[in-house]
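This report concerns only the one structure given below.
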Amino acid sequence: MHGAFRAQRFGACKLKVKVNGKVEDVAAGTTILQYVESAGYRVDRIAVEVNRNIVPKSTYANVGLHDGDSVEIVSFCGGG
Amino acid sequence: MQSKETTQDKLVLGNKEFDSRFILGSGKYSLELIKAAIENAGAQIVTLALRRANDGGLANILDYIPDTVTLLPNTSGARNAEEAVRIARLSREICGSDFIKIEVIHDSKYLLPDNYETAKATETLANEGFVVMPYMYPDLNAARDMQNAGAACIMPLGSPIGSNKGLATREFIQILIDEIDLPIIVDAGIGRPSQACEAMEMGAAAVMANTAIATAGNVPAMAEAFRKAIEAGRTAYLAKLGRVVSKGAVASDPLTGFLQD
């Protein structure tokens, strides 16, 4: 909520965040949960690292993205 | 009818017991075939790999694996212990499974595992409560290192990954079976049901296969053939193989001399 309020107030404020190696513009105040849901990920199928630290699933709604963050979103695929 | 010995025979890894001794890999299949392969294999443990999620996680492999199956993420892609530990932690965050197959490879030609880095990752992850299943080159000293580091089993390779060449390391796997007091699970290179059966006859606790099934002409049928071979090999091991005579022959029939006396 706080994040959304800030984003509204500083409407043009964008963050540069690197997600899986690609730099993206993200609205200030965006949480991990907001990001992964808007990008179409299923929370129960992924794990998220921000700057090499795992973000526990239970905290996605509370952790905000910051300018310059490096985010990895991973999931399972077939493997031996 | 199954004998009492085989019905009570369980594979124990961490705090779980398994009836199946066939660990199935999930690589190189179409998603539609995975379910049939798992069913026909009777597999209770299936391996997975971790990668960047670029597809939004839709058509996810987890949707094709029955809930009753224990997920065994691997650390493929890791080139050292640190990367393997990172992948293991991320994998546990997705699926909640403590099981991890450690795979540390920095040789892209032969894809041989680095036993030293694997032992380091094993120690770190075992201390974090993982059920660690290290994939390794079958070396007795390194296997002892894995055991001391807290490994739940040892996974020696039969031959290079994906080669379908079978038990090229047979003698060294036998040494591990004889000397290491942990389940020895033959992984990598097993190409035919007969090779899987042979590994089980030798006393391997389980066999893991992927390419042999995924590259077969009929995937579900090959999964079934491997299941039967692994069961046959296990039963034969428990039954204790008959002896081999070094010279000459020994008649199976009573020699009564009926026609000569």
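The values are calculated or read from the model by the stated rules, or taken from the named source; none is laboratory data. As the structure is a prediction and not an experimental result, all values here were calculated from the model. Methodologically, a virtual Cβ is constructed for each residue, glycine included, from the backbone with ideal geometry; neighbour enumeration extends over all protein chains shown. Quick note on the areas: whole protein, heavy atoms, side chains included, nothing else; ligands and nucleic acids left out. Shrake-Rupley method; radii C 1.70, N 1.55, O 1.52, S 1.80 Å.
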May I ask you to verify whether B:A43 is assigned to a helix (DSSP H, G or I), more than 23 Å from A:V43 (Cα to Cα) and more than 7 Å from chain A (Cβ to nearest Cβ)? no
So which residues in the range B:29-47 are without any contact (Cβ under 8 Å) to a residue 60 or more places away in the chain and of a type in the set (D, E, K, R)? B:E32, B:K35
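A quick yes/no check of all residues on (1) within 17 Å of the chain's Cα centre (by Cα); (2) closer than 20 Å to A:A47 by Cα; (3) of a type outside the set (S, T, Y):
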{"position": "B:L90", "(1), (2), (3)": "no, yes, yes"}
{"position": "B:E93", "(1), (2), (3)": "no, yes, yes"}
{"position": "B:G96", "(1), (2), (3)": "no, yes, yes"}
{"position": "B:V104", "(1), (2), (3)": "yes, no, yes"}
{"position": "B:D107", "(1), (2), (3)": "no, no, yes"}
{"position": "B:Y116", "(1), (2), (3)": "no, no, no"}
{"position": "B:E123", "(1), (2), (3)": "no, no, yes"}
{"position": "B:G129", "(1), (2), (3)": "no, yes, yes"}
From the options B:A199, B:A232, B:A225, residue that is under 13 Å from the mean Cα position of the chain (by Cα) and away from chain A (no Cβ under 14 Å): B:A199
Counted residues, the range B:164-206 - those being surrounded by fewer than 18 Cβ atoms within 10 Å (Cβ to Cβ), out of contact with any Leu (no Cβ under 8 Å at 6 or more places or on another chain) and in a helix (DSSP H, G or I): 5
Being among the hydroxyl-bearing types (S, T, Y) and modelled with pLDDT of 90 or more is the filter; apply it to the range B:1-38 and report the residue that is surrounded by the most Cβ atoms within 10 Å (Cβ to Cβ). B:S26
Restricting the first residue to the range B:166-183 and requiring it to be on the phi > 0 side of the Ramachandran plot, which pairs with a second residue that is open to solvent by less than 40 Å² (accessible area, probe 1.4 Å) and part of a loop (DSSP other than H, G, I, E, B) meet a Cβ separation below 9 Å and a spacing of at least six or different chains? B:G166/B:G158; B:G166/B:S159; B:G166/B:G189; B:G166/B:I190; B:G166/B:G191
